Amino acid sequence: MNVSLQRHVISADCSVREALVALNALSGDSMTLFATDSDGKIVGSLSDGDVRRALIAGHTPDDRTEDIVFRNFTSLDKSADPKERYNTVAKARKRRLELLPVTENGRIIGIVDLRKMKSAIPADAVLMAGGRGERLRPLTSKTPKPLLNVGGKPIIDYNVESLMKYGVENIFVTINYLKEQIIEHFSTPQYAGKVTAVEEPCRLGTIGSVALIDSFRHDHVIVMNSDLLTNIDFEALWMHHNESGAVLTVATVPYTVSVPFAILRTDGDMVTGLEEKPTYNHFANAGIYMIDRSALSGIKKGEYLDAPDFVESLIARGMKVSHYAIEGTWIDIGSPDDFRYANEVASRSF
């Protein structure tokens, strides 16, 4: 999500003419520069519009760039707490900024590309990638399902990239079946954030392996299956979770059941009514959860636990569980037909 410092940072001491040359070199990119003083501290931003307004106001091409920079710029302090980081990115996006400088002690150390980064939600993530993918055999005989290519790249990469677009930079991948291949896949850094493989000593169910992780940074954790193709809005999920006051939010997809027969309403052996070919609308579990980290403390390390059982246990203890309906694409790649369909969708719109 970062862009080149070399292309977008200039000295505040350079002339306006030099700044114009640097801006011109950015043609086709985001035409924004950040000016720094002799100590490397950012003093302002500069766009072609800023230069144009300065020249109209009487400045000359030989004036110093520092004299015409926009000083009310927005920057992201590296040491900011997670909520402040989220608010800064949200503010910058609301102002329709394309680039956001990252600073440390006032010095610019990076630039975030807001054309690619959608948010900065304060959450960690766990991708479940330990399953055997038996319904997809023989495709998964020698390749773990998360690494099967869909639309030209591994399934799991869509989810890692999507999470990072929402600012989730601390991601764990729990592995078991053919784990060496997944370890190898993530051994070479290829993302702005950190992806850590967590090995299951044995099969621990769809959520049991979360207890193996003790290095979460945030109060919320996204737990999801790694073999989904979805464009879920993680920011909307996070906001819904916070507003609901729940300890766990289940992402859901609409599921409609149409019965092609007349259905009887009965009381014992007495018919009390009849409904012709009814349709029932339900919400199905999408395999994506936003969870308060405090709720994860109830998972015992090394104990098998599936997500539905965990959800039921929270409800039984009187804790609130909410649901968030996904708007957009969601495909659970569980069968050969699902795999073919996911390839079509990914090639078309991902």
Rounded to whole Å, give me the distance from the Cα center of the stretch 286-350 to that of the stretch 193-218. 15
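Considering Cα pairs under 8 angstrom that are at least six residues apart, work out the relative contact order of the chain and quote it in whole percent.
15 percent.
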For the pair Lys153/Asp309, report the inter-label distance in nm, with labels modelled 7 Å from Cα in the Cβ direction. 3.6
For the pairs Lys91/Lys194; Lys116/Lys300; Lys194/Lys301; Lys194/Lys320; Lys142/Lys300; Lys145/Lys277, note any where the Cα-Cα span goes beyond 29 Å. Lys116/Lys300; Lys194/Lys320; Lys142/Lys300; Lys145/Lys277
Assuming 1.306 mPa s and 10 °C, estimate D for the stretch 5-113 with Stokes-Einstein, Rh taken as the Kirkwood radius over Cα pairs, in µm²/s. 112
Read-out Cα extents along the principal axes in Å, candidates [x] 62, 49, 37; [y] 53, 51, 42; [z] 94, 49, 41; calculated match is [z]
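Here, each number is a calculation from the coordinates, and none is a lab measurement. Since we're looking at a predicted model, the values are computed, not measured. Neighbour counts run over all protein chains shown; Cβ positions are idealised from the backbone, glycine included.
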